[in-house]
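The values are calculated or read from the model by the stated rules, or taken from the named source; none is laboratory data. No experiment lies behind these values; they were computed from the predicted model shown. FYI the Cβ positions are ideal-geometry reconstructions off the backbone, even for glycines, and counts take in every protein chain you see.
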Amino acid sequence: MIVDYIYNFLKKRHFWRYASFSEIAELYVSKTLRTVAINIAAGFTSIYLYKIGYSLVFILIFWAGYYLLKIPLFFVFSHLVAKRGPKHGTLISNLLYIPAMISISFVTKNGIVSVAIWGIFTAVSTAIYYLSYMIDFSKVRSVEHSGEEIAFMNIFEKIAICVSPVIGGLIALFFGPRILMLVSALLFFIAALPLMNTSEPVRVDQKVNFKHFPWRIALRSLIAEAATGFDYVTTGVVWGLFVAIVALSGAGDAVYVEIGALSSISIVAAITASYAFGKIIDKNKGGCLLKIGVVTNAIVHAFRSFSVTPISILGINITNEMATTGYNLAFMRGIFDTADLSGHRIVYLCATGVASTLGAIIGCIIALACIILFGDINGIKIFFFIAAVAVLAIGSANFNVYRK
C-alpha cells in the first residue's frame, strides 16, 4: 500500500516517466524503512557504549577499525552487485543488519564480542547497501529531473530520520536499549520486503574492470568525497558524543529522548528546504548551492565547541541540517552525472565509497589524537575546528554538470 501511494504521488509529478516510477517508489519505500531501522538505534550506539563504560578512545578506535574493514568490502561487493544486481544486494544488506542489531543488544552480557560482531555485520551490510542503492538510483533516475528526484528521496529519508530518533529514544527510555536494538532488527527485515519480488534495473552478470576506468575525470570528486566522510564522522559520531557528555550529562537514560527530540526538530528544516533545493539543482544552479552549503557547514562546525545548552544545540542542528542538505543534494547530482560520464558506473561508485570511507578513517584518527593529547572535552572542541577546515574540500569537486 505504501509503494502504491508513493507511486501514484510521483506519477502525478512526472507522468512522462510512468513506466519507471514503480522502481523509484520501491527505492523510496525501502530506503525510508531502512532509515527508520537505522536511526531508531544506530544514532544512539556510540552514546550507549559510552554510558555503559567504554571510553571515547575505545569508541573512536572501534569506528576507525569499522571503516577500515569497509574498504576491501567495497571492492569485493562491487563484483557481487555487478553479477547479481543492486536489488539483490539491498536485500542481502538489510538481512545482514539483523544479526548486527541482535548482537549489540547483548553487549552488556557479552562485552567486546558483541561489539565486534555488530561492527563486522554492520560494515558488511552498509558496504553492500551503499553500492546497491547508488547503482540502482543512478540507473533509474531521470537525467533532466535528477535534482527533484534526489530531493524527494531526501524528503522521505528526512521524514524517517525525524520520526525515528524520538521513537527510538522513547523505546530506550521505557523498555531499555536492548529492546530498541531488537525492534531495529525487525524493521530491517520489513525494509527488505518491497524488493523481494522485483526485477533488476540493470544488466546482471557484468564484469567490473578497474583498469580502464578514466580516473582523471573523477579524481577531484573523489577527493571531495573523502571530505564528506570526514564530515559524517564529525556530525554522526563526535557531535553526538559531545552533546551527551557536555550538554546532557545529567539526563540519565532520558538523554536518548532529548537527543532524539533535538535531532528530529532540526530535521524539519531540512525537509522544508529539500524540494526547493532540488528545483535549484535542476535549474543548473547546483554548483552555487554546493559551495554555499559547504561554507555554511564549515562555520557550523567551528561553532559546535561553544554549544553547551539545548537551545544552542538545536540552533546548530537546524543550521547543519539545512547546510548539509544543500551540499549533499547538489553533490549527489554531480556524483550521478559523473557515473554516467565515466562509462563505468559500478567502478566509479565503488571508488566514491572507498574515498568517503578513507575520509571517515582520517576523521576518526584525528579525533582520537585530539582526545589523547588534550583530553576528552577539549580534544573534541579542537577537533571541531579542524573539521571546519577539512570539510571545505567538499566544495572542490568541480563536477562537469555544473560547468555547463
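When every residue of region 240-252 is checked against the conditions, at least one turns out to be more than 28 Å from residue 85 (Cα to Cα), at pLDDT below 65 and part of a helix (DSSP H, G or I). The residues of region 73-89 that are among the β-branched types (Val, Ile, Thr) and surrounded by fewer than 23 Cβ atoms within 10 Å (Cβ to Cβ) amount to a single one, 76. Just one of the numbered conditions (1) under 30 Å from residue 52 (Cβ atoms); (2) modelled with pLDDT of 70 or more is not true of residue 211: (1). Residues that are closer than 27 Å to residue 67 by Cβ, out of contact with any helix residue (DSSP H, G or I) (no Cβ under 7 Å at 6 or more places or on another chain) and either assigned to a helix (DSSP H, G or I) or at pLDDT below 90 (or both) are absent from region 270-291. Checking each residue in region 92-122 for being surrounded by 22 or more Cβ atoms within 10 Å (Cβ to Cβ), within 18 Å of the chain's Cα centre (by Cα) and hydrophobic (A, V, I, L, M, F, W, C) picks out 100, 101, 118. Only one of the numbered conditions (1) surrounded by fewer than 21 Cβ atoms within 10 Å (Cβ to Cβ); (2) of a type in the set (Lys, Arg); (3) touching a residue at least 24 places away in the same chain (Cβ under 8 Å) is violated by residue 304, and that is (1).
Residues in region 335-361 that are of a type in the set (A, V, I, L, M) and at positive phi: there are none.
Quick check, is residue 205 at pLDDT 70 or above, among the charged types (D, E, K, R) and in contact with a Lys or Arg (Cβ under 9 Å, 6 or more places away or on another chain)? No, not satisfied.
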